[in-house]
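The values are calculated or read from the model by the stated rules, or taken from the named source; none is laboratory data. Computed from a predicted model, the values in this text were never measured in an experiment. Cβ: placed from backbone, ideal geometry, glycine included. Neighbour counts: every protein chain shown. Ligands, DNA and RNA are excluded from the accessible area calculation, which covers all protein heavy atoms including side chains. Shrake-Rupley method; radii C 1.70, N 1.55, O 1.52, S 1.80 Å.
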Amino acid sequence: MNPILSIDQEYVAHTYARFPMEIVRGEGSELYDETGKKYIDLGSGIAVNIFGVADRSWAQAVSDQLLKVQHTSNLYYTEPCALLAKAVCERTGMKKVFFGNSGAEANECAIKAARRYSVKKYGEGRSTIITLKNSFHGRTLATLAATGQDGYHQDFGPFPGGFVYAEADQLESVKTLAKENRCCAVMIETIQGEGGVVPLSDGFVKGLRQFCDENDLLLIVDEVQTGNGRTGALYSYMNYDIKPDIFTTAKGIGGGLPIGLAVLGEKCQDALAVGSHGSTFGGNPVCCAGALNIFSRLTDTLLDEVNAKSAYIVETLSALPEVKKITGKGLMLGIACQKNGREIADAALQKGLLVLTAKDKVRLLPALNIPWPILQEGVDILVRVIREVCAQ
Ligand SMILES: *Cc1c(COP(=O)(O)O)cnc(C)c1O
């Protein structure tokens, strides 16, 4: 057995159900283990490696910045941080960015900004945030509290209060909670990723936007997984023709380095004042230089390609009688098969294909620039694996 697996099992906390393989290197959407066996990657490090691994353009931007200055503290200005914030605001029409280091931290910031906005305008007490059942917003205590799934809460209480959970896709449920509680915001994922790649309907999201406007509730969209081109739009809220008051993003924008953004719109752009929030590593110039490289490559041409590849995957897999349902959008797809997703993912690994799972589904989150021949080879393997596993 590869000694790294046993060392990891002895010394690393057992919080992950790891697949039994060590990744040692790769190129784009192809990865290699320590024996030199090749794998096609349709998971991209859970929607992180948008342009695959060892991406030269990103690596160059990162190493150029590394050799200038790797960290300064937030007491000084740096160019990558300022230019990344400008680029994100200019393309989304939002007004200000707070930089943290993860999706959970981005959501923590959104929660703080929404509460402070409300306190400044209405005074104390109007601090509850409505989130959705089956959501996922992170692993810190507050973002766990925001996560509407009991399974994640087990054994970790007490939690910070101020979160109530509405039924996803049921506007009446949100309205009832807004009546029963003094609320400042509603937070959603447009496609519940960890929840099983479950999209919200157009009517619900548009209705929610209107309800939030009428009641001065801030609409927070968690774009940690759905953002940065993943669904075929720059940010997934754009698929619904709405604008959030705050959106958060992380995962893909960093190109593999840790970064999280809370992006504030017009209404709450000044909700956070000097001293009210901060982070030692937030806005780190190396992470921002890499993220600016990634973000500037999310062109309309790339988004068109995402949609074309998505259509190809959906068309190919939905032809299989073993596939019950395909959900999601762009290159964020959930595939419900006759057998559990983990069984299929385990079998795929043996055949040199990396896929993810979400609840009972197989989840695909390939690099947005995955070359067509590699995608086709990967989908061919997946078709064979689904057939084999479901025939057993
Ligand atoms: C992954 C994820 C998070 C948490 O991001 P971390 O970087 O792991 O803290 C939050 N929200 C959604 C929707 C996610 O998919």
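Put +1 on the Cβ of each Lys and Arg and -1 on the Cβ of each Asp and Glu in the chain; which of 52, 229, 76 then has its Cα farthest toward the positive end of the dipole?
76
What residue among 107, 284, 74 shows peak mean-square fluctuation when the chain is described by a Gaussian network model with Cα springs under 10 Å?
Its mean-square fluctuation being the largest, the pick is 74.
In whole percent, and with a 1.4 Å probe on the protein chains, what portion of the accessible area of the range 288-331 is carbon and sulfur? Walk me through the numbers on the way to the answer.
Numbers: 990 of 1920 Å².
It is 52 percent, rounded to a whole number.
List residues of the range 356-383, by number, whose backbone nitrogen lies under 18 Å from a label position 7 Å along Cα→C-beta of residue 319.
Taking a point 7 Å out along Cα→Cβ of residue 319, the residues of the range 356-383 whose backbone N falls under 18 Å are 372-383.
Anyone know which of 207, 256, 290 comes out most mobile in the 10 Å Cα GNM of the chain?
Ranking 207, 256, 290 by mean-square fluctuation puts 207 first.
Nearest 10 degrees is fine. How inclined is helix 341-350 to the longest principal axis of the chain, computing both from alpha carbons?
So the inclination is approximately 50 degrees.
Restricting to DSSP H runs of at least four residues, report the calculated mean residue ellipticity at 222 nm for the chain, -39500 (n - 2.57) per run over all residues, nearest 500 deg cm²/dmol. Don't skip to the answer; put the middle values down first.
Details: 13 runs with 153 residues, N = 392.
After summing the helix terms and dividing by residue count, I get -12000 deg cm²/dmol.
Measure nothing but the geometry: give the 0 to 90° angle between the long axis through the Cα atoms of 300-318 and the longest principal axis through the Cα atoms of the chain, rounded to 10°.
The answer is roughly 60 degrees.
Which GluC sites (Glu not before Pro) in the range 1-92 pass both tests, a DSSP loop state and at most 15 other beta-carbon atoms within 10 Å?
Values: sites: 10, 22, 27, 30, 34, 90; in loops: 22, 34.
Of the GluC sites (Glu not before Pro), the ones in loops of the range 1-92 whose Cβ has at most 15 other Cβ atoms within 10 Å are 22, 34.
Once neighbouring chains are kept in place and the probe is 1.4 Å, which whole percent of the accessible area of the range 89-205 is contributed by carbon and sulfur?
On the way: 2520 of 5000 Å².
The value for the range 89-205 is 50 percent carbon and sulfur by accessible area.
Full-extension gain between residue 153 and residue 276, please, as 0.36 nm times their residue separation minus the C-alpha to C-alpha distance. Walk me through the numbers before you get to the answer.
Details: separation 123, 0.36 × 123 = 44.28 nm, distance 2.78 nm.
Extra length from residue 153 to residue 276 when fully extended: 41.5 nm.
What share of Cα pairs, in percent, lie more than 38 angstrom apart in the chain? Each step should come with its number before you reach the end.
Details: 14266 of 76636 pairs.
Every Cα pair in the chain considered, those over 38 Å come to 19 percent.
Carbon-plus-sulfur fraction of the accessible area of the range 1-65, 1.4 Å probe, in percent? Spell out each step's value before the answer.
Numbers: 2150 of 3900 Å².
Taking all protein chains in place, the range 1-65 shows 55 percent carbon and sulfur surface.
Relative contact order, percent, of the range 307-378 when contacts are C-alpha pairs under 8 Å separated by at least 6 residues? The partial results should precede the final answer.
Numbers: 95 pairs, mean separation 18.0, N = 72.
So the answer I get is 25 percent.
Could you sort 108-116, 325-333, 223-231 so that the peptide with the highest average Cβ count within 10 Å comes first and the rest follow in order? Write down the numbers at each step before the final one.
Working: 108-116: 24.7, 325-333: 21.6, 223-231: 28.7.
Packing proxy ranking, top to bottom: 223-231, 108-116, 325-333.
State in Å² the accessible area per residue of the range 114-228; use a 1.4 Å probe, count heavy atoms of protein chains only, and round to the nearest integer. Can you show the working numbers first?
Values: 4720 Å² over 115 residues.
Accessible area per residue: 41 Å².
May I ask for the distance between the Cα centers of the range 169-234 and the range 261-312, given as a whole number of Å?
A separation of 19 Å, based on Cα centres.
Given the options 11, 165, 76, state which has the largest fluctuation in a GNM of the chain using a 10 Å cut-off (strictly under) for Cα springs.
Highest fluctuation of the listed residues: 11.
Roughly how many Å is it from the Cα centre of the range 133-166 to that of the range 83-98, as a whole number?
Distance between centres, Cα-based: 29 Å.
Give me the base-10 log of I(q)/I(0) for the range 45-112 at each q in 0.16 Å⁻¹, Debye formula, one uniform scatterer per Cα, rounded to two decimals.
Log10 I(q)/I(0), no solvent term: -0.80.
What span do the alpha-carbon atoms of the range 218-326 cover on each of the three principal axes, reported in whole Å from largest to smallest?
Sorted largest first, the three principal extents are 57, 32, 26 Å.
Quick one: helix 202-215 against the long Cα principal axis of the chain, what's the angle to the nearest 10°, folded into 0 to 90?
It works out to around 20 degrees.
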